[in-house]
Amino acid sequence: MFEALRRSGPPMLCFVVLGLTGCTASEADTPSSDEPPAVVDARPDDAEVPATPAPLVPIDGGKLHQGVSFIRAPDPGLRVTLREGAWDDLDALLAADVIAAGSQVVDVIDLAPASRDTDVALEFRGHLAVPKSGVYTFAVRATTAARLTITQRRIVEGSGSGAIGLAAGYHPFHLVWMHGEGGAAQLDVTWEGPAGSGPLPAKVLVQ
């Protein structure tokens, strides 16, 4: 025996079987919700949530550093000095009274001037000719150690990135790199800013 009973809320369909009465709500009468289903995070409670990388903060808060003046037009390229030997770190290398094994002018920063694969160091000096003012990010990938200094500010130590505000003009540029034993030697320097991105072009390397 079936009968529909009214009560507060949706109608219920009730039945009586062998003296037992039961009721069930009809699907058509079940209230629907327009709210979207809740998003369930399936990660375990102790799972680490990936951190958002912090933005790279320029040195000196992004203040534009002024360049230097040349009495004459600068010559193209950087002066690179080659040294051979083993040092504990870059400070020891720079403090050592080591006779240079060679020196030349280059228009690209790479390992071509290196005389061997181990116990070797290169020091690039000159100026960076910045064509447009703005904040520039420099990235260095190197083994075993490297240090990039621009306009007397240390930008990168080792492999990593750093940013600095540079006014259009000529800025002192100094890069020192050394490689000891083990692993393949590497040295790559790139920039990104108002003047472009990628490896430093030859036209911005002067002395």
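When Rg and Dmax are taken over the Cα atoms of the range 136-207, they come to 12.5, 41 Å.
One chain, two ends: Ala112 and Ala184. Fully extended at 0.36 nm per residue, the span grows by 24.5 nm beyond their Cα-Cα distance.
Calculated FRET efficiency, Ala86 to Ser161, Cβ-Cβ distance, R0 = 22 Å: about 0.20 to the nearest 0.05.
In order along the range 66-71, the Karplus-derived 3J(HN,Hα) couplings, from 6.51 cos²θ - 1.76 cosθ + 1.60 at θ = phi - 60°, round to 7, x, 10, 9, 10, 6 Hz, and Gly and Pro are given as x.
Readers should treat all values here as calculations from the given coordinates under stated rules, not as data from a laboratory. Not measured: the values here are computed from a predicted model. Cβ: placed from backbone, ideal geometry, glycine included. Neighbour counts: every protein chain shown.
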